[in-house]
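For reference, the structure discussed in these notes is given below.
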Amino acid sequence: FGNSIGNGWRPDKGFGISSYYGDPMWHPWGMFSLWEELMPSQELAYTSSVVLLDLFACISLYFFLKVVAANTGKYVWLLCPLVVFTSHQYGLHYHRFGSVLAGAPALLLVLYNYYKCSKIQHFFYCSLIFSLVFMSSSFFAWGSLVSLGFFFSVTYYLYFKKPFKEIACKFLLLFSVGLGIS
């Protein structure tokens, strides 16, 4: 059931992941579908979900920078609101990028701590992040998180000079178990 204006798939008529011209950007089983039903209008639901995702992105980026770049001092919070501008560079009708921006720093923080000292709780954190990002976006967001995690793992390997086999096994184990649980 294509959208006649943009020839795209509408989530309320099918299982597509793209929407055009003000249609919501979430799938029918996502948490923002329920959010849209609770709000008085579709525009308010969309705008408030973008603001919430940007707020979560700022908070997760703050904690990521606080741990990874601890030498920046107490002014690291000045950098965090800049993430809000990046989610809208592709246009306001792309809702899923805000979801990736909210989940990416949280996942990178989990990866950083997991590579330093592996614990069982990292698997649950990873699955929680994957579930929340999927429920607020689509399969596209999973692919973005996995590719970002891969590039972070390569950077971690090159910077800290850890054994390649150890990093590769940890990466595959965390992402396969994390995606499997979610």
*His122: net charge of surrounding residues, Cβ under 11 Å, Lys/Arg +1, Asp/Glu -1, itself excluded?*
+3
*Going from most exposed to least, what order do Ile59, Ile120 have by accessible area with a 1.4 Å probe?*
Ile120, Ile59
*asked:* For region 123-176, what does the accessible surface come to per residue with a 1.4 Å probe? Please give it in Å².
replied: 57 Å²
*Output the direction-averaged projected area (hull surface divided by four) of the convex hull of the alpha-carbon atoms of region 97-180, in nm².*
4.8 nm²
*asked:* Show me the ranking of peptides 106-116, 38-48, 142-152 by mean Cβ neighbours inside 10 Å, starting with the highest.
replied: 106-116, 142-152, 38-48
*Can you list the HN-Hα couplings for region 61-73, worked out from phi with the Karplus curve (6.51, -1.76, 1.60; θ = phi - 60°), rounded to whole Hz and with x for Gly and Pro?*
5, 4, 5, 5, 5, 5, 7, 6, 10, 5, 6, 6, x
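The values are calculated or read from the model by the stated rules, or taken from the named source; none is laboratory data. Because the structure is predicted, anything quoted here is derived from the model rather than measured. Reconstructed Cβ throughout: ideal geometry from the backbone, glycine too, with neighbour counts over all protein chains shown. The area values use the complete protein model at the heavy-atom level, side chains included, leaving out ligands, DNA and RNA. Shrake-Rupley method; radii C 1.70, N 1.55, O 1.52, S 1.80 Å.
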